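Some notes on the structure that comes next.
The values are calculated or read from the model by the stated rules, or taken from the named source; none is laboratory data. In this text the structure is predicted, and so the values were computed from the model without any measurement. Backbone-built Cβ (ideal geometry, glycine too); neighbour counts: all protein chains shown. Just the protein is used for accessible areas: all its heavy atoms, side chains included, with ligands, DNA and RNA removed. Shrake-Rupley method; radii C 1.70, N 1.55, O 1.52, S 1.80 Å.
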Amino acid sequence: MRITPRKHEYQAVVDILVDPTFESPDQMAKALLKEMGAILQMRDLWVLTHRWADGSKGLNYGPFGSTAEAEAFAKKMSFGGTGRVIPLTSSGIALANHDGKAGWPGYCYNPQCGHPPFMHSSVGASRGQCHLDGCACDKFVKDAPKTKSKK
Ligand SMILES: [Zn+2]
Ligand SMILES: [Zn+2]
């Protein structure tokens, strides 16, 4: 799967790499793989579905990082029959809209919150308090603390 790393994605990996609390390379490697799984789950991806020339179902391949990658794969493998590239909607985004996602663009950066903007009250053009039961957030924080200081 070919992807172009985005700043907030590789930053999450860097955070693990510079974390001094890991006791062994194995422990760090496991944390990195889990983080990368979570990062990829936040993306919309693509799969290639396949039917043989007689109309019977082939295998579905993927995921791919883009339609171009899926098409290149189909061309290279030349299975015959017909293929179709279909989008896979990110299950990570659906979960994040439901449960929140701390430290991720599009979600509240208040350390106690991490919930999506629509869960916050409207205050003029900005957003205020989080409506979720038990959440202590009193103002939606749009930008990551690190990104903010660089502007
Ligand atoms: Zn909240
Ligand atoms: Zn919030």
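A few notes on this one:
- Residue check for Ala68: hydrophobic (A, V, I, L, M, F, W, C), within 19 Å of Arg43 (Cα to Cα) and surrounded by 13 or more Cβ atoms within 10 Å (Cβ to Cβ): no
- Picking from residues in region 53-79 that are aliphatic (A, V, I, L, M) and part of a loop (DSSP other than H, G, I, E, B), the one that is farthest from Arg6 (Cα to Cα) is Ala53.
- Test: Ala136 is more than 30 Å from Lys57 (Cα to Cα), assigned to a loop (DSSP other than H, G, I, E, B), of a type in the set (A, V, I, L, M) and open to solvent by less than 80 Å² (accessible area, probe 1.4 Å): yes
- Selection status of Arg127, within 16 Å of ligand 2 (Cβ to nearest atom), touching a Ser or Thr at 6+ places or on another chain (Cβ under 7 Å) and under 28 Å from Arg6 (Cα atoms): yes
- Hits in region 52-65 (condition: surrounded by 15 or more Cβ atoms within 10 Å (Cβ to Cβ) and of a type outside the set (Ser, Thr, Tyr)): Gly58, Gly62, Pro63, Phe64, Gly65
- Single condition Asp15 does not satisfy, out of (1) surrounded by fewer than 16 Cβ atoms within 10 Å (Cβ to Cβ); (2) modelled with pLDDT of 95 or more: (2)
- For region 81-118, taking the residues that are at pLDDT 95 or above, of a type in the set (A, V, I, L, M) and within 16 Å of ligand 1 (Cβ to nearest atom), the one that is farthest from Leu48 (Cα to Cα) is identified as Ala96.
- Residue within region 76-83 that is outside the structural domain of Thr49 (by TED's automatic domain parsing) and loosely packed, with under 14 Cβ neighbours inside 10 Å present: no
- Condition met for Leu48 (surrounded by fewer than 15 Cβ atoms within 10 Å (Cβ to Cβ) and away from ligand 2 (no atom under 16 Å from the Cβ)): no
- Subset of region 31-52 that is of a type in the set (Lys, Arg) and not in a loop (DSSP other than H, G, I, E, B) - its residue that is nearest to Trp104 (Cα to Cα): Lys34
- Among the residues making up region 80-121, those that are aliphatic (A, V, I, L, M), out of contact with any Ser or Thr (no Cβ under 8 Å at 6 or more places or on another chain) and not in a loop (DSSP other than H, G, I, E, B) are Leu88, Ile93, Ala94, Leu95, Ala96, Met119.
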